[in-house]
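The values are calculated or read from the model by the stated rules, or taken from the named source; none is laboratory data. Here the structure is a predicted model, which means the values were calculated and not measured. Here Cβ is always computed from backbone atoms with ideal geometry, including for glycine, and neighbour counts include all displayed protein chains. Note: accessible area is taken over every heavy atom of the protein model, side chains too, but ligands, DNA and RNA are not part of it. Shrake-Rupley method; radii C 1.70, N 1.55, O 1.52, S 1.80 Å.
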Amino acid sequence: GQEQPRLYRTWMARHYLGALMMQMGDLNAARREITNASEQLRQCGSRHFEVKARCDLGLLYHLAGDDQSAQEELTHVLNLIQDYGDLRFEALVRTRMAYALEALHLPNKARPMYEKGQLLHTQMGQYYYALNARAGLARLDAQAGQDSVAVKHVRTIWDTIRGKSTDATVETARTLRTCYTIFRQQNDSRAAAVRHVACSQLQRRAETIDDPVHCSQFWQLADHRFFQEIEAQAGPPSRG
């Protein structure tokens, strides 16, 4: 890539490197890589891969607590998608946009984004991705006092992923945290099983990180830290 820096594959690789750093919690390094890759892919005219990179950049802003920038970046991505159409990324972008809108305390704007994201993912058979949007709806319903609806959402999520191998990502941790929190609020025994799955998954991921600094950064991501803290406070988890 350094020999032929204009090749779009070079910047695809830089984007993927940045995305990996984001999943590890090194958000500053991830931002440098993904921001640069996004711009270079734009200059290369590689719209599809620019959209992929900017979609991750929007999520990165959200994870870093800069939800206004996340909203702006993901709005830009939606505009890019409208030019050529890509339902896969429209679904992903709408869900991630909803994360930012939810964090900005704009539930009336977040809800239709989650709903459209869930619908598109489901229509394409991307059922696990659809669960991240459903978890967002569960949080909004819980915040609105619609406890029975929120519980229905997390039961559906848990029944779908229980006992199955799912992608271990920062968004998966958010979805599992939603299930745990709502089950716990309802004194539902499934909370312990969710905690066990989430903590085991996160621990397996942390064990693949050799650098102690990077490992510490991994546990500083909000949803990762949440499970680390409750695991430290709890006794041996139930496998029920």
Open item on the list: For q values of 0.18, 0.26 Å⁻¹, compute log₁₀ I(q)/I(0) with the Debye formula on a Cα-only model of the stretch 1-81, without solvent.
Closed with: -0.66, -1.20
TODO: Write down the Å³ per residue value for the convex hull defined by the alpha carbon atoms of the stretch 90-240.
DONE: 120 Å³
- [ ] Just name one of 145, 187, 213: the one whose Cα is farthest towards the positive end of the charge dipole of the stretch 105-240 (beta-carbon charges, Lys/Arg +1, Asp/Glu -1).
- [x] 145
Open item on the list: Treating only the Cβ of Lys, Arg, Asp and Glu as charged (+1, +1, -1, -1), what charge dipole size does the chain show about its Cα centre? Round to the nearest 20 debye.
Closed with: 580 debye
Task: Rounded tilt (10° steps) of 222-233 against the dominant C-alpha axis of the chain - done: 30 degrees
Task: From phi via Karplus (6.51, -1.76, 1.60), per-residue ³J(HN,Hα) for the stretch 29-37 in Hz, x at Gly/Pro - done: 5, 4, 4, 4, 5, 6, 4, 5, 4
TODO: Hand me the trypsin sites (Lys or Arg not before Pro) from the stretch 127-173 located in a DSSP loop with no more than 13 other Cβ atoms within 10 Å, in residue order please.
DONE: 162, 164
Task: Listed residues 170, 149, 93, most fluctuating in the chain (Gaussian network, C-alpha, under 10 Å) - done: 149
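With viscosity set to 0.890 mPa s and temperature to 25 °C, compute the Stokes-Einstein D of the stretch 1-155, Rh being the Kirkwood radius across alpha carbon pairs; µm²/s, no decimals.
153 µm²/s
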Task: Area accessible to solvent at residue 12, 1.4 Å probe radius, in Å² - done: 30 Å²
TODO: Give a residue-ordered list of calculated ³J(HN,Hα) values for the stretch 175-184 (Karplus: 6.51 cos²θ - 1.76 cosθ + 1.60, θ = phi - 60°; whole Hz; x for Gly, Pro).
DONE: 5, 5, 4, 4, 4, 4, 4, 6, 4, 5
Open item on the list: Can you work out the Karplus-derived ³J(HN,Hα) for every residue in the stretch 149-163? Use 6.51 cos²θ - 1.76 cosθ + 1.60 with θ = phi - 60°, whole Hz, and x for glycine or proline.
Closed with: 5, 4, 5, 4, 4, 6, 5, 5, 4, 5, 5, 6, 9, 4, x
- [ ] Please give the calculated 222 nm ellipticity per residue for the chain, where each DSSP H segment of at least 4 residues contributes -39500 (n - 2.57) and the sum is spread over every residue; nearest 500 deg cm²/dmol?
- [x] -26000 deg cm²/dmol
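Please grab the % of Cα pairs in the stretch 151-240 that end up more than 15 Å from each other.
Working: 2282 of 4005 pairs.
That fraction is 57 percent.
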- [ ] Could you please state how large a percent of the accessible area of the stretch 24-144 is carbon and sulfur, counting protein chains only and using a 1.4 Å probe?
- [x] 47 percent
